[in-house]
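For reference, the structure is listed below as structure tokens.
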Amino acid sequence: MSKPTVLTGITTTGTPHLGNYVGAIKPCVQASHDENVNSYYFLADYHALVKNQDPERMRQSTLEIAATWLALGLDTKRAVFYRQSDVPEIPELTWILTCSTAKGLMNRAHAYKAAVQENVDAGEDPDYAITMGLFSYPVLMAADILMFNATHVPVGKDQVQHLEMARDIAQRFNHHYGELFRIPEAVVEDHVAVLPGKDGRKMSKSYNNTIPLWLPEKQLRKAIMRIVTNSLEPGEPKAPDDSALFSIFAAFASPEQRADMRKAYQEGIAWGQAKQQTFELINDELILARERYEALIAEPEHIEQALQDGAERARSFATPFLARIREATGIRKLA
Ligand code: TRP
């Protein structure tokens, strides 16, 4: 139990884009090879259900995200890679935790408060279209984390509050029933650049400015050609630090490549040429993985098998641990 346990979930909504790759997938895939940690990576489909109630989209997104992680070389021998809904201990723990979680704590969740505020601003009933799923989201997330006694949880800044809630929930439970849970910590990777999207704002589904990770080569090139730049002519010096294109290049480049490109900007490289070089750099990094991705997508049985194996390993920890948790709460056999 002394090794650190790293755990993170990926909500299965949408198609993976370059921002997901740089900010989350790539660092996690690299970390999955580290023998000094236990790692758990999972597809958070019960979380996705809060936002995505289209069954076909749910399946498609789960397929694409699973294929992405496998194609990029996740070490599934070492890391435990599973789908949340294949581990029934998680929703069971969610209920147990729900019963000792203060409603007032959930009232303070940013995502829930934002939804209420939007309703108020629109002159609607404050509860309009707000489900219990949205409200209880942080408890499910706490269960994901506590179920495996995770110590380190890599997340984006927007999830830090959820981690604080998970800590609160764990402490309250431990205080009442005994020290069952380790207290998890958020790991916010500040040095991993937030990738800008085509319009220069953070690359995000909600801004509709993403570049999908697995575009075919030609379309990837086109998408990169469409990244917004300014109207400086070839030969005019360009400021790398104000350029979304440069940030995107930098996220894929080695330190030397980055320094060379910085110099090229200052020396007035043409935007078209900078874009072409950005395309080539990204395409070279993805080309082999893209082939593996296509092959995996064409063989969902293979992906399913990997997920089933992962679920089995996840449950080999979760089942006995949940038994102890139930025992501690008095949910136990009479004789
Ligand atoms: N809520 C997280 C997100 O939207 C995804 C997630 C679900 C998660 N369960 C988790 C992340 C547990 C870390 C740990 O990004």
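Side notes on the structure shown:
- For the stretch 39-58, a residue qualifies if it is out of contact with any Ser or Thr (no Cβ under 7 Å at 6 or more places or on another chain) and more than 10 Å from the ligand (Cβ to nearest atom), and the qualifying residues are LEU49, GLN53, ASP54, PRO55, GLU56, ARG57.
- Qualifying positions in the stretch 288-308 - open to solvent by less than 60 Å² (accessible area, probe 1.4 Å) and of a type outside the set (D, E, K, R): ALA289, TYR293, ALA295, LEU296, ILE297, PRO300, ILE303, ALA306, LEU307
- Within the span defined as the stretch 35-54, one or more residues are in the same structural domain as VAL139 (by TED's automatic domain parsing), closer than 18 Å to PRO154 by Cβ and assigned to a helix (DSSP H, G or I).
- Residue within the stretch 142-159 that is of a type in the set (Lys, Arg) and within 12 Å of the ligand (Cβ to nearest atom) present: yes
- ILE65 being within 23 Å of GLN171 (Cα to Cα), of a type in the set (A, V, I, L, M) and not in a loop (DSSP other than H, G, I, E, B): no
- The single residue among PHE135, PHE181 that is more than 11 Å from the ligand (Cβ to nearest atom), part of a helix (DSSP H, G or I) and surrounded by 15 or more Cβ atoms within 10 Å (Cβ to Cβ) turns out to be PHE135.
- First in the stretch 266-293 and over 13 Å from LEU220 (Cα atoms), second anywhere and among the small types (Gly, Ala, Ser), Cβ under 6 Å, 6 or more apart: GLY268/GLY235; ALA289/ALA71; ARG292/ALA71; TYR293/ALA67; TYR293/ALA71
- Scope the stretch 3-34; condition within 11 Å of HIS152 (Cβ to Cβ), buried (at least 17 other Cβ atoms within 10 Å of the Cβ) and more than 11 Å from the ligand (Cβ to nearest atom); matching residues: THR5, ALA31
- THR62 within 14 Å of the chain's Cα centre (by Cα), within 11 Å of the ligand (Cβ to nearest atom), among the hydroxyl-bearing types (Ser, Thr, Tyr) and surrounded by 17 or more Cβ atoms within 10 Å (Cβ to Cβ): no
- Of all residues assigned to the stretch 160-167, none qualifies as being part of a loop (DSSP other than H, G, I, E, B) and at pLDDT 95 or above.
- Only one of the numbered conditions (1) open to solvent by 60 Å² or more (accessible area, probe 1.4 Å); (2) in the same structural domain as ASN36 (by TED's automatic domain parsing); (3) more than 16 Å from the ligand (Cβ to nearest atom) is violated by GLU164, and that is (3).
So that you can scan it fast, the table gives a plain yes or no per residue for (1) assigned by TED's automatic domain parsing to the domain that holds GLU164; (2) over 18 Å from HIS162 (Cβ atoms); (3) loosely packed, with under 15 Cβ neighbours inside 10 Å; (4) free of Cβ contacts under 8 Å to residues at least 40 places away in the same chain:
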residue: THR68; (1), (2), (3), (4): yes, yes, no, no
residue: GLY73; (1), (2), (3), (4): yes, yes, no, no
residue: VAL87; (1), (2), (3), (4): yes, yes, no, no
residue: THR98; (1), (2), (3), (4): yes, no, no, no
residue: LYS103; (1), (2), (3), (4): yes, no, yes, yes
residue: ALA109; (1), (2), (3), (4): yes, no, no, no
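- Near pairs, Cβ below 6 angstrom, 6+ apart or cross-chain, from the stretch 126-155 (closer than 17 Å to ALA109 by Cα) to any residue that is near the ligand (Cβ under 7 Å from one of its atoms): PRO138/HIS162; MET141/HIS162
The values are calculated or read from the model by the stated rules, or taken from the named source; none is laboratory data. Note that the structure is a prediction, hence the values are computed from the model and not measured. Note: ideal-geometry Cβ built from the backbone for every residue, glycine included; neighbour counts use all protein chains shown. Protein only, heavy atoms only, side chains kept; ligands, DNA and RNA dropped before computing areas. Shrake-Rupley method; radii C 1.70, N 1.55, O 1.52, S 1.80 Å.
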